[in-house]
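Participant: Let me give you the structure first, and then I'll get to my questions.
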Amino acid sequence: MALQAAALLPSSFSISKEGKVGASLKDTSLFGKSLSDQIKSEFSSSSLKIKSSTVRAQTVVTTPSVNLSTTEGKKTLRKGTVVITGASSGLGLATAKALAETGKWDVIMACRDFLKAERAAKSAGISKENYTIMHLDLASLDSVRQFADNFKRLGRPLDVLVCNAAVYFPTAKEPTFTAEGFELSVGTNHLGHFLLSRLLLDEMKKSDYPSKRLIIVGSITGNTNTLAGNVPPKANLGDLRGLAVGLNGLNSSSMIDGGDFDGAKAYKDSKVCNMLTMQEFHRRYHEDTGITFASLYPGCIATTGLFREHIPLFRLLFPPFQKFITKGFVSEEESGKRLAQVVSDPSLTKSGVYWSWNNDSASFENQLSEEASDVEKARKMWEMSEKLVGLA
Ligand code: LMG
Ligand code: NDP
Ligand code: PMR
């Protein structure tokens with residue numbers, strides 16, 4: 001089976017029965033220096049039969065940027081307030097549940113469908129006193145601004161923001177658009193979150209919480225230094241010519257790189273933007289604000305609503321494929337625990353990090369692909385995004 005799957009990859013890749021991955025020299029230059037290391041760490045989280053001795057799990061030794069011990073000493077740490085976008089299903093819901101259960105968090109579920117969110121919270125057994133639902137439709141910048149205003153009116157500080165919501169249109173033949181006319185996946189996953197986090201940054205600055213964090217969910221499939229990131233179509237922002245002119249598909253392309261519309265690529269491109277945004281935030285604001293900016297790949301949560309638009313055969317086969325073949329599968333519950341760690345674990349305070357987990361569910365700092373860590377591209381993408389969302 002593994003060999004069957006490998007046949008679908010670019011010819012220069014191969015997976016042996018032992019799960020070893022080979023890449024030809026001509027490809028390594030395309031994928032950046034750390035391809036082999038990265039593949040090891042990818043498989044360390046997905047454990048494709050690679051022995052644990054080969055796993056390059058970097059142990060987490062972080063220096064908290066804010067001294068938590070004083071607060072711990074006093075034992076008076078107030079309840080934190082965390083906003084989670086897209087908390088009505090999948091990873092967002094599981095994270096809301098994991099955080100609510102600790103009793104240490106007021107979880108604000110920022111969702112586009114209020115009733116769905118209410119039902120989801122109830123059926124997940126999240127107790128009423130630990131969550132609030134607020135309306136947010138990331139596919140409308142007016143809604144994003146309204147959400148930020150409503151949050152400010154609550155008059156409470158924001159301690160952690162989790163940009164989690166996403167849409168994925170793998171089978172769409174034509175693009176669809178946000179209220180402002182941006183291609184829907186980049187518009188929602190990146191531009192909506194970009195505006196939201198910029199608008200809420202001031203609220204976070206005001207907070208006296210000892211470990212403030214802004215987390216943007218990334219993914220392995222946006223990182224072309226991994227096997228998963230080499231399944232076509234691959235993420236590629238090119239020279240950002242489509243983003244520069246607004247992704248509206250009318251007088252320009254709906255894709256960031258200016259190419260023809262491809263829904264799966266648009267999603268992966270949006271994840272690259274998410275990971276670039278996290279790093280650009282880190283460079284611009286970490287030192288002054290002490291806020292931790294982080295991204296993560298929570299594992300392959302193959303059962304979530306993310307795949308709702310995929311063909312039924314894919315939805316049927318994808319979970320067993322990830323469980324038994326790549327071994328990258330994680331349950332929604334486990335993924336929620338991982339993201340909850342990035343929100344509140346005192347050992348994950350390092351800023352500018354893209355977290356992943358190995359097969360023992362231990363977190364480690366992962367390497368991003370060359371494109372997803374390109375400083376110049378991050379700056380350009382940031383400036384273009386500012387213009388598109390009306391901040392510049
Ligand atoms: C592509 O389609 C789109 O074409 C592209 O435009 C883009 O949108 C892209 O990235 C998104 O998606 C997706 C998909 C379509 O194509 C693939 O994923 C290619 C992989 C196809 C692999 C074909 C293998 C077929 C094997 C069928 C055998 C069934 C056996 C059942 C086994 C039972 C055992 C007891 O194609 C599909 O949607 C097809 C489904 C692909 C799912 C991916 C996983 C394939 C591996 C199947 C493994 C089954 C797992 C069994 C578990 C066993 C355990 C021991
Ligand atoms: P789900 O589809 O289960 O959850 C996505 C959430 O986003 C839903 O709550 C959905 O709301 C919400 N959402 C979608 N569009 C909007 C919008 N316009 N405004 C507000 N909320 C919106 O998917 P996952 O839980 O899998 O995805 C969560 C995150 O995890 C995403 O960032 C995804 O990229 C990432 N990820 C997922 C992986 C996986 O294997 N599943 C792997 C790596 C990363 P509604 O319920 O109303 O549809
Ligand atoms: Mg992928 C270790 C191997 C690995 C991992 C961890 C993932 C994760 N995938 C792996 C391998 C493969 N995938 C292989 C070998 C194939 C060819 C059969 C393959 C195919 C595949 C498809 C068609 N995988 C997919 C798709 C999707 O439509 C998903 C996607 O790309 O969404 C953008 C997907 C995913 N694989 C993953 C993960 C985490 C996804 C979900 C996407 C995401 O949220 O980033």
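Participant: Is it fair to say Val186 is under 18 Å from the mean Cα position of the chain (by Cα), closer than 17 Å to Thr289 by Cβ and hydrophobic (A, V, I, L, M, F, W, C)?
Facilitator: Values: under 18 Å from the mean Cα position of the chain (by Cα): yes; closer than 17 Å to Thr289 by Cβ: no; hydrophobic (A, V, I, L, M, F, W, C): yes.
No; evaluated as a whole, the condition is false for this residue.
Participant: Can you name the number of the only condition in (1) in a helix (DSSP H, G or I); (2) modelled with pLDDT of 95 or more; (3) under 24 Å from the mean Cα position of the chain (by Cα) that Phe43 fails?
Facilitator: Answer for Phe43: the failing condition is (2).
Participant: Does any residue in the range 379-392 that is at negative phi and in contact (Cβ under 8 Å) with a residue 12 or more places away in the chain come within less than 7 Å, Cβ to Cβ, of a residue that is of a type in the set (Phe, Trp, Tyr) and surrounded by 13 or more Cβ atoms within 10 Å (Cβ to Cβ) six or more places away or on a different chain, and which pairs are these?
Facilitator: Ser385/Phe194; Leu388/Phe182; Val389/Phe194
Participant: I'm trying to understand the selection: among the residues of the range 141-155, which are surrounded by 13 or more Cβ atoms within 10 Å (Cβ to Cβ) and among the small types (Gly, Ala, Ser)?
Facilitator: The answer is Ser143, Ala148.
Participant: Another question about this same structure. Starting from the range 143-164, take each residue that is of a type in the set (Phe, Trp, Tyr) and list its partners that are crowded, with 20+ Cβ neighbours inside 10 Å and not in a helix (DSSP H, G or I), counting only C-beta distances under 6 angstrom and pairs at least six apart or across chains.
Facilitator: Hits for this filter: Phe147/Leu136.
Participant: Could you tell me which residue of the range 172-218 is nearest to ligand 2 (Cβ to nearest atom), considering only residues that are of a type in the set (Val, Ile, Thr) and in a loop (DSSP other than H, G, I, E, B)? I'd like the intermediate steps shown before the answer.
Facilitator: Narrowing the range 172-218 to residues of a type in the set (Val, Ile, Thr): 176, 178, 186, 188, 215-217.
From what's left, in a loop (DSSP other than H, G, I, E, B): 176, 178.
On the way: Thr176: 12, Thr178: 8 Å.
Across the range 172-218, the extreme among qualifying residues is Thr178.
Participant: Here is a further query. Scan the range 231-245 residue by residue and report those that are surrounded by 20 or more Cβ atoms within 10 Å (Cβ to Cβ), within 15 Å of Ser385 (Cα to Cα) and small (Gly, Ala, Ser).
Facilitator: Listed by number, the list holds a single entry, Gly242.
Participant: Check off (1) out of contact with any His (no Cβ under 9 Å at 6 or more places or on another chain); (2) closer than 28 Å to Glu333 by Cβ for Glu180 and give me the number that stays unchecked.
Facilitator: (2)
Participant: Can you say whether Asn189 is within 16 Å of ligand 3 (Cβ to nearest atom) and within 20 Å of Ile256 (Cβ to Cβ), as far as the supplied structure shows? First the steps, then the outcome.
Facilitator: On the way: within 16 Å of ligand 3 (Cβ to nearest atom): yes; within 20 Å of Ile256 (Cβ to Cβ): yes.
Yes.
Results for (1) farther than 30 Å from His286 by Cβ; (2) within 16 Å of ligand 1 (Cβ to nearest atom); (3) out of contact with any helix residue (DSSP H, G or I) (no Cβ under 7 Å at 6 or more places or on another chain); (4) free of Cβ contacts under 8 Å to residues at least 40 places away in the same chain, shown as yes or no for each residue.
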residue: Glu309; (1), (2), (3), (4): yes, yes, yes, no
residue: Leu317; (1), (2), (3), (4): yes, yes, yes, yes
residue: Phe321; (1), (2), (3), (4): yes, yes, yes, no
residue: Ile325; (1), (2), (3), (4): yes, yes, no, no
residue: Arg338; (1), (2), (3), (4): no, no, yes, no
residue: Ser347; (1), (2), (3), (4): no, no, yes, no
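Participant: Still on this model: Tally time: how many residues in the range 314-357 are in a loop (DSSP other than H, G, I, E, B) and surrounded by fewer than 20 Cβ atoms within 10 Å (Cβ to Cβ)? It would help to see each step written out before you state the result.
Facilitator: Of the range 314-357, the ones in a loop (DSSP other than H, G, I, E, B) are 327-328, 330-331, 345-352.
Checking the rest, the ones that are also surrounded by fewer than 20 Cβ atoms within 10 Å (Cβ to Cβ) come to 327, 331, 345-347, 350, 352.
Of the residues in that region, 7 qualify.
Participant: Could you look through the range 246-266, keep only residues that are farther than 16 Å from Glu180 by Cβ and over 23 Å from the mean Cα position of the chain (by Cα), and pick out the one that is nearest to ligand 1 (Cβ to nearest atom)?
Facilitator: That would be Asp260.
Participant: Would you be able to say whether some residue in the range 253-272 is buried (at least 24 other Cβ atoms within 10 Å of the Cβ), away from ligand 3 (no atom under 16 Å from the Cβ) and either at pLDDT 95 or above or acidic (Asp, Glu) (or both)?
Facilitator: For the range 253-272, residues buried (at least 24 other Cβ atoms within 10 Å of the Cβ), away from ligand 3 (no atom under 16 Å from the Cβ) and either at pLDDT 95 or above or acidic (Asp, Glu) (or both): present.
Participant: If only one of Asp137, Asp142, Asp149, Asp106 is charged (D, E, K, R) and assigned to a strand (DSSP E or B), which one is it?
Facilitator: On the way: Asp137 fails: assigned to a strand (DSSP E or B); Asp142 fails: assigned to a strand (DSSP E or B); Asp149 fails: assigned to a strand (DSSP E or B).
Testing whether each residue is charged (D, E, K, R) and assigned to a strand (DSSP E or B) leaves just Asp106.
Participant: Among the residues of the range 286-307, how many are in contact with a helix residue (DSSP H, G or I) (Cβ under 7 Å, 6 or more places away or on another chain), farther than 21 Å from Asp345 by Cα and assigned to a helix (DSSP H, G or I)?
Facilitator: Qualifying residue count, the range 286-307: 3.
The values are calculated or read from the model by the stated rules, or taken from the named source; none is laboratory data. Remember, it's a predicted structure, so these values are computed and weren't measured experimentally. Methodologically, a virtual Cβ is constructed for each residue, glycine included, from the backbone with ideal geometry; neighbour enumeration extends over all protein chains shown.
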